[in-house]
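Asker: Please find one structure pasted underneath; my questions will follow.
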Amino acid sequence: MLKRLLIILSILALGLLLYSVFVENIFAPRLSPKDTAEITLNDLKLKVEYNRPSKRERVVFGALVPFDKVWRTGANEATTFETNKDLLIDGMVLRKGKYTIWTVPMENTWKVMFNSKQYDWGVNEKMEPMWDPNYDALEIEVAAEHIDEIVEQFTIAFDHKTGKLKLTMAWDNTFIEVPLSEYKSPTKP
């Protein structure tokens, strides 16, 4: 019995090695590693899971990521945003839950969409975004800032330094921020 188990394990190990060599190097670090941005403020918990592509001496916005087209906002799997409380974003309510984030980078502004559909991957086999606008729960447009320092790897973070909560995104020489606050429903008299 032990001999059969060793043979089966050897065959599996050989199969993984061959797959890694000839198909995909599963032991190499990912070019766009996964990352998570999280913040907890009192009982508000926010989390973003995304993949971080690198600039690698490429022109990013307007070339690698075309202007005026929907972008999966990172690489590989669709970027997800999760909130345990209702949020107020640019005067609109985003209900608590899990969303995918899609963006439309433009030269001076970006559209940011919070989409209620969960997607396994960010693009289809034709490299087109899998985004379905019918599931957009909220869409806003924010200013795109030109920054002097180059950000090598796409970065999403939460900023609460000034007491105002923001979801930020930066890559290459572009920076955007989405203002967030907890939604307090009006009380009836």
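The values are calculated or read from the model by the stated rules, or taken from the named source; none is laboratory data. These figures come from a predicted structure and were not determined experimentally. Cβ coordinates were reconstructed from backbone atoms using ideal geometry, including for glycine residues, and neighbour counts include every protein chain displayed. Side chains included, ligands, DNA and RNA excluded: accessible areas come from the protein's heavy atoms. Shrake-Rupley method; radii C 1.70, N 1.55, O 1.52, S 1.80 Å.
Asker: Could you tell me which of the pairs Lys34/Lys164; Lys69/Lys184; Lys85/Lys111; Lys47/Lys111 are separated by over 25 angstrom between their Cα atoms in the structure shown?
Answerer: Too far apart for the 25 Å limit: Lys34/Lys164; Lys69/Lys184.
Asker: Taking only protein heavy atoms into account and a 1.4 Å probe, give the accessible area per residue of the stretch 44-189 in Å².
Answerer: 54
Asker: Please say if the chain is rounded, prolate or oblate, where rounded means a/c under 1.5 for a ≥ b ≥ c the square roots of the C-alpha gyration tensor eigenvalues, and otherwise the choice is prolate for a/b larger than b/c and oblate otherwise?
Answerer: prolate
Asker: Related question: Shape of the stretch 102-189 from its Cα gyration tensor (a ≥ b ≥ c, root eigenvalues): rounded if a/c is under 1.5, otherwise prolate when a/b > b/c, or oblate?
Answerer: oblate
Asker: Here is a follow-up. In degrees, nearest 10, range 0 to 90: what is the angle between the Cα axis of helix 2-22 and the longest Cα principal axis of the chain?
Answerer: 60
Asker: Something else: If I take every Cα pair under 8 Å that is 6 or more residues apart in the chain, average their sequence separation and divide by the length, what percent do I get for the relative contact order?
Answerer: Across the chain, relative contact order equals 17 percent.
Asker: In whole percent, and with a 1.4 Å probe on the protein chains, what portion of the accessible area of the stretch 33-84 is carbon and sulfur?
Answerer: The nonpolar share, carbon plus sulfur, comes to 44 percent.
Asker: Among Val178, His146, Gly163, which residue has its Cα furthest toward the positive end of the charge dipole of the stretch 104-189, with +1 on Lys/Arg Cβ and -1 on Asp/Glu Cβ?
Answerer: Gly163
Asker: Moving to a separate point now. Report in % the part of the accessible area of the stretch 113-189 that belongs to carbon and sulfur, leaving out ligands and nucleic acids; probe 1.4 Å.
Answerer: 50
Asker: Can you tell me, using C-alpha contacts under 8 Å and at least 6 residues apart, the relative contact order of the stretch 99-185 as a whole percent?
Answerer: RCO, the stretch 99-185: 22 percent.
Asker: Figure the gain on full extension for Ser185 and Glu57 (residue separation times 0.36 nm, minus the Cα-Cα span) and round it to one decimal in nm.
Answerer: Between Ser185 and Glu57, full extension yields 41.4 nm more.
Asker: Moving on. Compute the FRET efficiency between Asn108 and Lys164 as 1/(1 + (r/R0)^6), taking r as their Cβ-Cβ distance and R0 = 25 Å, and round to the nearest 0.05.
Answerer: 0.65
Asker: Please report, in debye to the nearest 20, how large the charge dipole of the chain is about its Cα centre when each Lys and Arg carries +1 at its beta carbon and each Asp and Glu carries -1 there.
Answerer: Magnitude of the dipole: close to 840 debye.
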